[in-house]
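Heads up, the thing below is written out as structure tokens.
The values are calculated or read from the model by the stated rules, or taken from the named source; none is laboratory data. Since we're looking at a predicted model, the values are computed, not measured. All Cβ positions, glycine included, derive from the backbone under ideal geometry; neighbour counts span all protein chains shown. For the accessible areas, the whole protein counts, side chains as well, though only heavy atoms, and no ligand, DNA or RNA atoms are used. Shrake-Rupley method; radii C 1.70, N 1.55, O 1.52, S 1.80 Å.
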Amino acid sequence: ARRLALDEEARKRRDAVLSIPRSLTGVAECVTAAERLVKTAEEEAAAVTATLNESEVAELRKIYGEGSSGKGLNKGLIRGGAGALKDLEERQKSRATRTKRDVIDTALLDLVAFYRDVLAVQFGAHVELANEDRRDELEGLARSSTPEDTLRRIDAIMRCRERLAANVNPQMAVEAMTLSLRRPVG
């Protein structure tokens, strides 16, 4: 809630995620939605890690003497520095992958909350909705589907989360999910 209140970009990303269910009318739309979600996660991960990566590389280069002068020092990294730089780059790549998966997971949790609200509307539960601002959309989906459909969609999202945790290719996992979330035509 704090992130959404303070970060305009977070609100935009959440809005984009919550617009996914209504966009899934065909196979092409499912693939496009999955591609957009994964690409957004990659961009966010890159933005989050870029500054940190740069400062870590600069600090490591400084530690290993790059740019220093004096007897016995060269212009590049001194002995051991190249290996340490390679190790750092591998750790940074792993961090970027984790961050990307975390961003996707946050989006998936937003979708689970959305479908939980649809289920609450379908059962007429008197609970506070996480997505009250989308009540019309929730009610429309509740009317056009069954509670079984909604539970099937929640299961598809949870299966996607499990696949991502098992290191399945994010694009493939999210595409499989969006195809399972697709609304029937009619």
Item to complete: Can you find, among 124, 173, 150, the residue farthest towards the positive end of the dipole of region 120-176? Put +1 on the C-beta of Lys and Arg, -1 on that of Asp and Glu.
Response: 173
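Calculate what fraction, in whole %, of the accessible area of the chain sits on carbon and sulfur atoms when a 1.4 Å probe is rolled over the protein chains.
Exposed carbon and sulfur together represent 53 percent of the surface.
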Worksheet item: Within the set 62/93; 12/86; 12/93, which residue pairs have Cα atoms separated by over 32 Å?
Response: 12/86
Worksheet item: Suppose every K and R has +1 on its Cβ and every D and E has -1 on its Cβ; what is the size of the dipole of the chain about the Cα centre, in Debye to the nearest 20?
Response: 680 debye
Worksheet, complete the sentence: For the chain, dividing by residue count, accessible area per residue (probe 1.4 Å) in Å² works out to 60 Å²
Item to complete: Based on a Kirkwood Rh over C-alpha pairs, give the Stokes-Einstein translational diffusion coefficient of the chain at 37 °C and viscosity 0.692 mPa s in µm²/s.
Response: 173 µm²/s
Practice prompt. Counting other Cβ atoms within 10 Å, keep those with at most 15, restrict to DSSP loop, and tell me which GluC sites (Glu not before Pro) in region 117-177 are left.
Written response: 128
